[in-house]
Amino acid sequence: SSGGLVAGIEFNNDGTKMFTSYAQVNGSEFYIQEYNLSTPYDISTRVYAGDGERCELTGTETGSGYQIYDLDFSSDGMKFFIVLRSPGATDTGGDRVYGFDLTSPYDVSTCAFATKEEALDTTALTNGSNAGDFDHTTTKAKHRVQSLEINDDGTKLFLTFMDNQNADVGARLYEYNLSTPYDVSTLSIVTTAGIEIPDSTLNGVENPQGMRFSANGKRIFIISHSESTASITQMSLSKAYDTSSFTLDGRLNINSGLSTPNDEPRGVAFSASGLKLYIGSDRNQGTLDQIMEYDLVCPFTIIEGKCPP
């Protein structure tokens, strides 16, 4: 095992490889694991590629309380990104995003640390946008980064933070520009964009544990980890990778709303066509992590009545 609590899920472009990140550290390092799929996007056919094919995330913090969350690759498979949450209530600057380079597409065994931003949870990088402000004088543990997405050309980064301070706000989605593509150390918050997501069982988010955009960048899906309301929320954007204008489409409870419940969801991914959805589950608290595969009626859509013509 490379750790406990499956946190991020990704596929290569043809669905013959699946990658997973884990929230809990195994020994002294975090890892990205790789699986080979004999049938593309059919996770029942996966075979672990072996310890020699995994990525050891050298350069990340591994002290007590630090946890890795979401995972996202660049469009060409030559880079991937992870987020790491702060370990404690007062660790300002402890929330981080890391980028790693690969020497060949989707070969995570060749990973090498490339870039990072350490101060994500400070006011300079999370206040002043449409996502609303978090009161940083309160307990830091209530505001931490837990999911990410990068656009196709690496000029925009999106981060979702849990907000457990404001009773009406479940999460805050921040949009950032990268002045150097794929270099997360060059990020700056976009003050005219961002989404303050309500804490609501109708269309909101609680404790976000994974985010994914549709292939065209005009839909966002966020996992809520809260056990009683384990769910996936769908949002639509007016313009691709632009959170300045959006619609909250709705939310599907994947614990009580599906015949095979997922009561501890983490991580989310889609097939290239958008007709298959994948959500992780750490239902046994790390002793038996799972990934569940779902069929969709139409691409990148989980809400009835939102299918394209």
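The values are calculated or read from the model by the stated rules, or taken from the named source; none is laboratory data. Note that this is a predicted model, so its numbers are computed, not measured. Cβ coordinates were reconstructed from backbone atoms using ideal geometry, including for glycine residues, and neighbour counts include every protein chain displayed. Just the protein is used for accessible areas: all its heavy atoms, side chains included, with ligands, DNA and RNA removed. Shrake-Rupley method; radii C 1.70, N 1.55, O 1.52, S 1.80 Å.
Cβ-Cβ below 7 Å, separation at least six or inter-chain, first residue in the stretch 98-127 and within 17 Å of Thr186 (Cα to Cα), second surrounded by 14 or more Cβ atoms within 10 Å (Cβ to Cβ) and acidic (Asp, Glu): which pairs?
Ala114/Asp101; Thr115/Asp183; Leu120/Asp95; Asp121/Asp95
So is Val169 open to solvent by less than 30 Å² (accessible area, probe 1.4 Å), touching a strand residue (DSSP E or B) at 6+ places or on another chain (Cβ under 9 Å) and farther than 23 Å from Ala269 by Cα or not?
Judged against the criteria, Val169 is a match.
If only one of Cys307, Cys298 is at pLDDT 90 or above and either under 24 Å from Ser74 (Cβ atoms) or not basic (Lys, Arg) (or both), which one is it?
Working: Cys307 fails: at pLDDT 90 or above.
Answer to the check: Cys298.
How many of the residues in the stretch 134-160 are closer than 21 Å to Asp183 by Cβ, open to solvent by less than 50 Å² (accessible area, probe 1.4 Å) and not hydroxyl-bearing (Ser, Thr, Tyr)?
10
From Glu206, Glu175, grab the single residue that is crowded, with 20+ Cβ neighbours inside 10 Å and part of a loop (DSSP other than H, G, I, E, B).
Glu206
State yes or no: is Ala131 at pLDDT 95 or above and buried (at least 23 other Cβ atoms within 10 Å of the Cβ)?
yes
Residue by residue through the stretch 39-80, note down the ones that are closer than 20 Å to Arg144 by Cα, of a type in the set (Val, Ile, Thr) and without any contact (Cβ under 8 Å) to a residue 60 or more places away in the chain.
Thr60, Thr62, listed by residue number.
In the stretch 135-193, what residues are hydroxyl-bearing (Ser, Thr, Tyr) and at pLDDT below 90? If you could, list the steps in order and put the result at the bottom.
Residues of the stretch 135-193 hydroxyl-bearing (Ser, Thr, Tyr): 137-139, 147, 155, 160, 174, 176, 179-180, 182, 185-186, 188, 191-192.
Passing the criteria: Thr137, Thr138, Thr139.
Given the condition within 18 Å of the chain's Cα centre (by Cα) and in a helix (DSSP H, G or I), answer yes or no: does some residue in the stretch 112-128 qualify?
yes
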